[in-house]
Amino acid sequence: MSFLGLGGKPSGAAGAISRSKIESAETEIDTVADLFNRLIESCHKKCIQGYQEGDLSKQEGLCLDRCVYKYFEVNAKVGELMQSMGQQQFQNR
Amino acid sequence: MSFLGLGGKPSGAAGAISRSKIESAETEIDTVADLFNRLIESCHKKCIQGYQEGDLSKQEGLCLDRCVYKYFEVNAKVGELMQSMGQQQFQNR
Amino acid sequence: MSFLGLGGKPSGAAGAISRSKIESAETEIDTVADLFNRLIESCHKKCIQGYQEGDLSKQEGLCLDRCVYKYFEVNAKVGELMQSMGQQQFQNR
Amino acid sequence: MDQLNPREQQEFSQIVERKQMKDFMRLYSSLVERCFSDCVNDFTSERMTSKETDCVSKCSEKFLKHSERIGQRFQEMNTKLMQNGGKL
Amino acid sequence: MDQLNPREQQEFSQIVERKQMKDFMRLYSSLVERCFSDCVNDFTSERMTSKETDCVSKCSEKFLKHSERIGQRFQEMNTKLMQNGGKL
Amino acid sequence: MDQLNPREQQEFSQIVERKQMKDFMRLYSSLVERCFSDCVNDFTSERMTSKETDCVSKCSEKFLKHSERIGQRFQEMNTKLMQNGGKL
């Protein structure tokens, strides 16, 4: 589940509840849910042609598969870019 | 207020606070508010023609009335469909 | 930070935590963040021409500056209008 | 909703109050966004033109009347739904 | 996630359950909004035309199949990412 | 804001920190959505074309500069508003 590298900090005492650990786990699933919802919207725009049929056409189905894959590629690419820009900014200080 | 069939469970001890009951009441009003906000957006797109006047024209007003009614019809229709699909899925297991 | 006139009420006992004061402070920063996010979206639509370059063109930059300024003008204008309408409504009761 | 006991109702009404505040702020900011988007198109100056100012006024007024009218129909539909046990 | 202790896991699973409920409601209302927007265009009457009703049915069915298919691919991609240490 | 006492300020600064984290994630995911939407249009293969990759790079870079510039103006406007007691 450590999808975006947001892991919890090492656990404290066995039975105590760490608010911040639960909250970072929450942030993590919120991020995944947000990504999923945006995928639904984005790929609907790109691939769904109309409502002549209730079933996905073969072409729509293939388009969706590629759409998800490409969305993840853009997600990864943007992540890299932001990291390298972040480092540049840091070096310029 | 039991708009979407999300009622609270029967109450526990008279003075105790049930977190889950409050939360399901919260979910209920969030759902109603979300429906209302989407109505505002959707019916604005369908009915509002421009800003020559600050008042709603008679035609715009009528369109809004019908828009709300039709939106509720779609809401009900989609609810039925999801239920019947959910049952079908359950039978296919 | 009292951007929208949402100040906290005068403080209670020195060390006690007032839930409602923290929550109104939260509402305040949420409002500012919401305004900022809408600015980003709105001014992108109005000013960004395309992605031939990764840099903002001079024209795009100027457009963004004016866009922010005009957005604040609309924000202020709408605030005035809502206040005067609110008062009118109150007088008509 | 009437299944909440008094202490729960008290807490719930505080939650509702906060939500109404947030809803109002949301209505306000979506109104600003809409009227900016529909009315402001000249970025050769940072001053609003009189045409833009006029459009923003009418857009705001219309949007509030729009929301009000939908609110009335919405209430009626909800009442109807409750009386008919969830059926239109 | 496995770094949460049992009490934290218990609380977290309650949070997840509530979020899933909210996500489901969100899916439902976005489906309604989309199919209304794409299918309903006649406001000369408050009755749905048979063409509109048919469109709403197909739109809903297609939207659910669409979400399901994306859900499957999404799971696969997540599994792949975890196996490859975050790389596609 | 200065009306919060020290314990309230401490709690509030934790809330702000979480919100900033969420805002950053939101910026990130809206950037991905925008650049995907504006740059990726070929679904005959699952591989990005070089044209698409180039567009995504420029789109991201431009979006970040865009946000930064708006952030600067936003700060200036807020400062001005506070000095003028809420007037532009």
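The values are calculated or read from the model by the stated rules, or taken from the named source; none is laboratory data. As the structure is a prediction and not an experimental result, all values here were calculated from the model. Neighbour counts run over all protein chains shown; Cβ positions are idealised from the backbone, glycine included.
The table for this structure:
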read-out	value
Number of the exception - residue F:18 against (1) surrounded by 14 or more Cβ atoms within 10 Å (Cβ to Cβ); (2) on the phi > 0 side of the Ramachandran plot	(2)
Within the stretch F:1-43, considering residues that are more than 8 Å from every other protein chain (Cβ to nearest Cβ) and assigned to a loop (DSSP other than H, G, I, E, B), the one nearest to residue C:38 (Cα to Cα)	F:2
Residue match in the stretch D:71-82 (condition: assigned to a helix (DSSP H, G or I) and closer than 30 Å to residue B:16 by Cα)	yes
Selection within the stretch A:29-69 - among the aromatic types (Phe, Trp, Tyr) and part of a helix (DSSP H, G or I)	A:36, A:69
Among the candidates D:60, D:67, residue that is facing chain B (nearest Cβ under 7 Å), part of a helix (DSSP H, G or I) and among the polar types (S, T, N, Q)	D:67
Unique match (being free of Cβ contacts under 8 Å to residues at least 40 places away in the same chain and under 26 Å from residue D:23 (Cα atoms)) among B:46, B:77	B:46
Test: residue F:55 is touching a helix residue (DSSP H, G or I) at 6+ places or on another chain (Cβ under 6 Å), within 19 Å of residue A:84 (Cβ to Cβ) and facing chain C (nearest Cβ under 7 Å)	yes
Flag if residue C:61 is closer than 14 Å to residue D:46 by Cα, surrounded by fewer than 18 Cβ atoms within 10 Å (Cβ to Cβ) and either at the interface with chain F (Cβ under 7 Å from one of its Cβ atoms) or under 21 Å from the mean Cα position of the chain (by Cα) (or both)	yes
Subset of the stretch F:64-84 (residues that are out of contact with any helix residue (DSSP H, G or I) (no Cβ under 6 Å at 6 or more places or on another chain) and β-branched (Val, Ile, Thr))	F:79
Complete set of residues in the stretch D:33-88 that are within 19 Å of residue B:53 (Cα to Cα), surrounded by fewer than 14 Cβ atoms within 10 Å (Cβ to Cβ) and among the small types (Gly, Ala, Ser)	D:50
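Quick grid of which residues meet (1) farther than 22 Å from residue A:26 by Cα; (2) of a type in the set (Lys, Arg); (3) modelled with pLDDT under 95; (4) under 25 Å from the mean Cα position of the chain (by Cα):
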position: E:6; (1), (2), (3), (4): no, no, yes, no
position: E:15; (1), (2), (3), (4): no, no, yes, yes
position: E:26; (1), (2), (3), (4): no, yes, yes, yes
position: E:39; (1), (2), (3), (4): yes, no, no, yes
position: E:43; (1), (2), (3), (4): yes, no, no, no
position: E:51; (1), (2), (3), (4): yes, yes, no, no
position: E:60; (1), (2), (3), (4): yes, no, no, yes
